[in-house]
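> The structure follows.
The values are calculated or read from the model by the stated rules, or taken from the named source; none is laboratory data. Remember, it's a predicted structure, so these values are computed and weren't measured experimentally. Every residue, glycine among them, receives a Cβ derived from its backbone with ideal geometry; neighbour counts consider all protein chains shown. Surface areas here come from the heavy atoms of the whole protein model, side chains and all, with no ligands, DNA or RNA. Shrake-Rupley method; radii C 1.70, N 1.55, O 1.52, S 1.80 Å.
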Amino acid sequence: MDSGIYRSRLGKPLDREAARFLSSLEEDSEIFLEDILGSEAHAIMLYEQGIIGRGDLEKILRALEGIKGEWLRGKMGLKAEEFEDVHEFIETRLIEMVGLKVGGKLHTGRSRNDQVALDIRLRIRRYLLEIWNELLNLMEIILTRAEEERDTPLMLYTHLQHAQTGNLSHYLLALFDHLSRDLERLEECYRRVNKSPLGASAIGGSSLPLNRPRVAELLGFDGVVENSIDAVSSRDFALESLSISSILATFLSRVSEDFIIWSSSEFGYLELPDQLASPSSIMPHKKNPCILELVRARAGRISGLLTASLMELKGTPTGYNRDLQNQKQLIFEALKETLAILRIFSKVVKDVRFRVERMREVISESYAPAIDLAENLVKYLGISIREAHMIVGEVVKVLVEKGMGMKDLDLNMIKEVSRRVLGKEVDIPEKVLEVIKEPSRTVRMRRTIGSPNPNEISRMIKDRWKTLNERKKVFQEVSRKVHESEERLQRMVKSLIGQGQSK
Ligand code: ARG
């Protein structure tokens, strides 16, 4: 590194080792385009405010577009020992192209502190929009499958032991509802990310007549991060993006775990499509759920990145500190992983084959309808749930001892047990017993809101389609706004450059 554009006060060039240690240039490739975008908006505002002249603006914009072109054509190597970061790199290149007198004006009223905060917000915005889109896509796939699996019974587990009889569609709707909340969190978070910090300068604002709302408008932000100290010091918007990613990934990791268990020979509830399964190098029969295991592992990594991020921030005093630079890698890696997890998970849900017969078989052999029987004793006989629990618990014990299942239940057995346990004989309608004896029908007895009763499932599916369509509209509106602002800015830049050429 020779002296560089920033080192006017320092006698010696930066030590090469120190430069490599210090530089964020390599990870800054993530924000290269954002830096150009922010610079163009800033330059236009400087011109509109009469801070720089029209001719200077044109030269600056033309050079920035040139640098963007070089970057997009892959013509630029970023060498950590040569520059501290992308900001120095681009400004140096600009000055090389248009000279110090003009190129040196771009940084007017700007510090790298508000500049990098802006770049990170723009980049996170782009990631969040992608995650948002993928999340909606996954929700749609899940809902479609929930619709297809309305008649598929599913054992529900607590402690990974048979709990209550259920339904696969109901399970898939549970996934949908969790993802709806992930979506809400994302929508909320996006609102806080989508604010412009530019114009905060190093920390205390500028004595030049900058127009902060105008820069925000040019970049498609919903306003500015008002307080200049807050604008450069705070990274809660990044922590929040990381937190929601971590919550989402943790959830998908749990569902992956369900699917991994369900794909085992012992469960046999599902089969991954061949194109998503991995073989073994030695065991020819293998069909491993490796991608789901990696979802699980990477969810752990995302939480690790969140923790690292929190730890890096907790000791930084108010204001910009170089620690903040380290955040970028953590944030971008976590968001990239989240996106990858979402994409792969959508593929799994779309093409996984649920083995309905096996699910049916497990339910038919289960004692899980015991709770439904107990509740029916309460309902028909007015006895307490505790008494009903005692009777049914004893009934199940007898069945297990005799190697029998719920299908072998008969009224006499219940009467005999209740005489023994309660000292009185209880009786329930035959039609109730018929349902209990056919466990997959027991979900019809559930009456509570949100239960797997088929009517409830139908109602929820209908309601969730409505929710999904509403949320899609919100997303389309938000992403349209961003796209339009990007196109508008690009058109503006082009026309300003074009006018420059015709002069
Ligand atoms: N490379 C730095 C970062 O990513 C840019 C800001 C540097 N600011 C400063 N005052 N040294 O955070």
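> How long are the semi-axes of the equivalent ellipsoid of the range 418-473, taking √(5λ) for every eigenvalue λ of the Cα gyration tensor, in whole Å from largest down?
40, 11, 7
> For the range 92-163, what is the convex hull volume of its Cα atoms per residue in Å³? Numbers along the way, then the final one.
Details: hull volume 12.5 nm³, N = 72.
Expressed per residue, the convex hull around the Cα atoms of the range 92-163 is 174 Å³.
> Related question: For the range 309-452, what ratio Rg/Rh do Cα atoms give with a Kirkwood hydrodynamic radius?
Using only Cα positions, Rg/Rh for the range 309-452 is 1.36.
> Per residue, what accessible area does the range 149-216 have, given a 1.4 Å probe and all protein chains present, in Å²? Don't skip to the end; give the middle numbers.
Numbers: 2810 Å² over 68 residues.
Normalised by residue count, the accessible surface of the range 149-216 is 41 Å².
> Shifting gears a bit: Once the whole set of protein chains is in place, how much accessible area is left on Ser206, using a 1.4 Å probe, in Å² to the nearest 10?
About 50 Å², rounded to the nearest 10.
> In a Debye calculation with equal point scatterers on the alpha-carbon sites of the range 1-105 and no solvent, what is log10 I(q)/I(0) at q = 0.11, 0.19, 0.20 Å⁻¹?
Calculated log10 I(q)/I(0) at the listed q: -0.36, -0.98, -1.06.
> Which value, in Å² and to the nearest 10, is the accessible area of Asp151 when all protein chains are kept and the probe is 1.4 Å?
Accessible area, nearest 10 Å²: 130 Å².
> Still on this structure, I have one more. Using only the alpha-carbon atoms of the range 183-237 as identical scatterers, what base-10 log of I(q)/I(0) does the Debye formula give at q = 0.16, 0.30 Å⁻¹?
So the normalised log intensities work out to -0.48, -1.18.
> Per the Kirkwood formula on distinct C-alpha pairs, the Rh of the range 1-52 is how many angstrom?
After inverting the mean inverse Cα-Cα distance, the result is 13.6 Å.
> Also: Per the Kirkwood definition applied to all pairs of different Cα atoms, how many angstroms is the hydrodynamic radius of the range 380-492?
When all Cα pairs of the range 380-492 are included, the Kirkwood radius is 18.7 Å.
> So if we plug the beta-carbon distance of Ile282 and Glu257 into 1/(1 + (r/R0)^6) with R0 = 41 Å, what FRET efficiency do we get, rounded to 0.05? Don't skip to the end; give the middle numbers.
Details: r = 26 Å, r/R0 = 0.62.
For Ile282 and Glu257, the calculated efficiency is 0.95.
> Let me ask something else about it. Over the chain, what percent of the accessible surface lies on carbon and sulfur atoms, probe 1.4 Å?
Roughly 51 percent of what the probe reaches on the chain is carbon or sulfur.
> I'd like to know how the chain sits against the 2.2 N^0.38 Å rule of thumb: what's its Cα Rg over that expected value? Please report the intermediate quantities before stating the final value.
Values: Rg = 31.1 Å, N = 503, 2.2 N^0.38 = 23.4 Å.
Against the compact-globule rule of thumb, the ratio is 1.33.
> Just reorder Tyr380, Tyr190 by solvent-accessible area, largest first, 1.4 Å probe, all chains present.
Result, largest first: Tyr380, Tyr190.
> Here's another thing I want to ask about it. Taking a ≥ b ≥ c as the square roots of the eigenvalues of the Cα gyration tensor of the range 134-203, is the shape rounded (a/c under 1.5), prolate (a/b larger than b/c) or oblate?
prolate
> Taking only the Cα atoms of the range 125-282, how large is their convex hull per residue, in Å³?
Per residue, the Cα convex hull of the range 125-282 comes to 177 Å³.
> Same structure, new question: For n ≥ 4 DSSP H runs only, could you compute -39500 (n - 2.57) per run for the chain, divide by its residues and tell me the 222 nm figure to the nearest 500?
Result for the chain, helices only: -21500 deg cm²/dmol.
> Sticking with this one: Cα-Cα over 29 Å: which of Lys75/Lys336; Lys105/Lys328; Lys286/Lys472; Lys101/Lys481? Intermediate values should be presented prior to the final figure.
Values: Lys75/Lys336 24 Å; Lys105/Lys328 27 Å; Lys286/Lys472 40 Å; Lys101/Lys481 36 Å.
From Lys75/Lys336; Lys105/Lys328; Lys286/Lys472; Lys101/Lys481, over 29 Å: Lys286/Lys472; Lys101/Lys481.
> Next up: Note down the accessible area of Lys379, probe 1.4 Å, to the nearest 10 Å².
120
> A further question on this structure: If N is the number of residues in the range 263-345, what value comes out of its Cα radius of gyration divided by 2.2 N^0.38 Å?
Relative to the rule-of-thumb radius for its length, the range 263-345 sits at 1.60.
> Turning to a different aspect of this structure: If you bin the C-alpha pair distances of the range 298-374 every 5 Å from 0, what whole percents do you get?
Answer for the range 298-374: a P(r) of 3, 12, 13, 11, 9, 8, 8, 9, 8, 7, 5, 4, 3, 0 percent.
> For the range 320-389, what is the accessible area per residue in Å², given a 1.4 Å probe and the full set of protein chains?
46
> Return a whole-number percent for the relative contact order of the range 208-334, with Cα pairs under 8 Å and 6 or more residues apart as the contact set.
RCO, the range 208-334: 27 percent.
> Counting only protein chains, not ligands or nucleic acids, how are Asp35, Asp258 ordered by accessible area (probe 1.4 Å), most first? Before the final figure, lay out the partial values.
Details: Asp35 0, Asp258 50 Å².
Descending order: Asp258, Asp35.
> Which percentage, to the nearest 5, of the DSSP beta bridges contained in the chain is antiparallel?
Values: 9 of 10 bridges.
Beta bridges within the chain, antiparallel portion: roughly 90 percent.
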